[in-house]
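Nothing in this text is a laboratory measurement; each read-out follows from the coordinates by a stated rule. This one's a predicted model, so the numbers in the text were calculated from it and none came from an experiment. Here the Cβ positions follow ideal geometry from the backbone for every residue, glycine too, while neighbour counts run over all protein chains shown.
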Amino acid sequence: MARNGLGRYVVMVMAGPEAAPYQFSVSKRFCKVTAGLFAVGMVALGAAFTAFGTEYARMHERVVEIDSLRQAVAWQRTKIQSSSARVAALETQISNVLYTNDKLQQVVEARLDTIPSILPAWGRINSKFGRRLSPVTGRMRMHNGVDISAPRGEPVVASAPGKVVTSGYHGAYGRLVTIDHGNGFATYYAHLSRASARPGAGVRRGDVVGYVGSTGQSSGVHLHYEVRFNNEPVDPMDYMRNPATVFFQG
Ligand SMILES: [Zn+2]
């Protein structure tokens, strides 16, 4: 390329060392404009690459961020699932406890119901449970129940619900009613003037089963009342609902 005096460049192109040269001229202005355009193009391209690079880095960051968010969501979901499984297990446990509690309460209530808890005749207790001088024989003897002093013909009631086992004359007991209350409890009502309960009949607490008398080996008109647990005589006062209301004498 050579410069001539007319503000133009002459460009010579040779296809080979032997070939005839081919030449043409371009104006300086054209060269400047082309160079300018080329520079502008390069700058624009560079800017575009930079912008693309920045954008790419930003996108990559976003992708990483989204990935970690996705992982966090998955982790939270697992945690929530295991928490709700635990909550469900706790709920089951609670309902089991409540159910057991209900059952226990029913059992306790049923058991309480079998306890002979009331005084079977209205009167004073003039002889307690335990060893005493027998009013009949005058010797020390075990007294298997309590003696309730009451007028002849006073009603005698069942001290707990149950089933009548005995109702009739039984030696020293005289006219006797016995009731089986279940859970090992039984009660005896002795020396009755009349036994009104039928053997095998069901009775409720407070039902009349006979009347006060002095039949059998008796020192006078009174009710001999026994509570037995597994057939062993026990102190009836230990099972009385409110022993404070029962009067003692002598
Ligand atoms: Zn007695």
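May I ask which residue of Asn230, Tyr211, His143 lies farthest towards the positive end of the charge dipole of the chain, with charges of +1 (Lys, Arg) and -1 (Asp, Glu) on Cβ and the Cα centre as origin?
So the residue furthest toward the plus end is Asn230.
Any idea which of Ser83, Asn96, Met14 is furthest toward the positive side of the dipole for the stretch 1-114, if Lys and Arg beta-carbons carry +1 and Asp and Glu beta-carbons -1?
Highest projection toward the positive end goes to Met14.
What are the residues whose amide H is under 5 Å from the amide H of Gly210, where those residues sit 5 or more places off or on another chain and H is modelled from the backbone?
Counting only residues 5 or more places away or on other chains, the set is Val156, Ser196.
Given the -39500 (n - 2.57) contribution per DSSP H run of 4+ residues, what per-residue ellipticity at 222 nm results for the chain, rounded to the nearest 500 deg cm²/dmol?
-13500 deg cm²/dmol
Taking the Cα centre of the chain as the origin, how large is its charge dipole in debye, to the nearest 20, when only Lys and Arg (+1) and Asp and Glu (-1) carry charge on their Cβ atoms?
420
For the chain, divide the Cα radius of gyration by the Kirkwood radius and give the resulting Rg/Rh value with two decimals.
Expressed as Rg/Rh, it is 2.07.
Place +1 on the Cβ of every Lys and Arg and -1 on the Cβ of every Asp and Glu in the chain, take the dipole about the Cα centre, and give the residue among Ala197, Val177, Ser27 whose Cα lies farthest towards its positive end.
The Cα lying farthest towards the positive end belongs to Ser27.
In terms of modelled amide H atoms, which long-range or inter-chain residues lie less than 5 Å from the amide H of Phe185?
It is Asn230, by chain and number.
Which number comes out as Rg/Rh for the stretch 20-142 once both Rg and the Kirkwood Rh are worked out on C-alpha atoms?
In the stretch 20-142, Rg relative to Rh is 1.91.
If you take every residue apart from Gly174 with its C-beta less than 14 Å away from the C-beta of Gly174, what net charge results, scoring Lys and Arg +1 and Asp and Glu -1?
Charge balance in the 14 Å sphere: +1.
Among the aspartates and glutamates, select those whose C-alpha is under 13 Å from the C-alpha of Lys128, and discard any that sit fewer than 8 residues away in the same chain.
Answer for Lys128, where 13 Å is the Cα cut-off: Asp147, Glu226, Asp235, Asp238, listed by chain and number.
Residue-wise, which Karplus ³J(HN,Hα) couplings in Hz belong to the stretch 162-179, taking 6.51 cos²θ - 1.76 cosθ + 1.60, θ = phi - 60°, and x for glycine or proline?
Those phi angles translate into x, 10, 5, 9, 10, 7, x, 7, 9, x, 4, 6, x, 6, 10, 10, 10, 10 Hz.
So if I take the centroid of the Cα atoms in the stretch 178-212 and the same for the stretch 31-75, what is the distance between those two points in Å?
Taking the Cα centre of the stretch 31-75 as reference, the centre of the stretch 178-212 is 103 Å away.
Using alpha carbons only, how many degrees (0 to 90, rounded to 10) separate the axis of helix 28-114 from the longest principal axis of the chain?
Computed tilt is about 10 degrees.
Please list, or write none, the aspartates and glutamates whose alpha carbon is within less than 20 Å of the alpha carbon of Lys79, excluding same-chain residues fewer than 8 places away.
Asp67, Glu91
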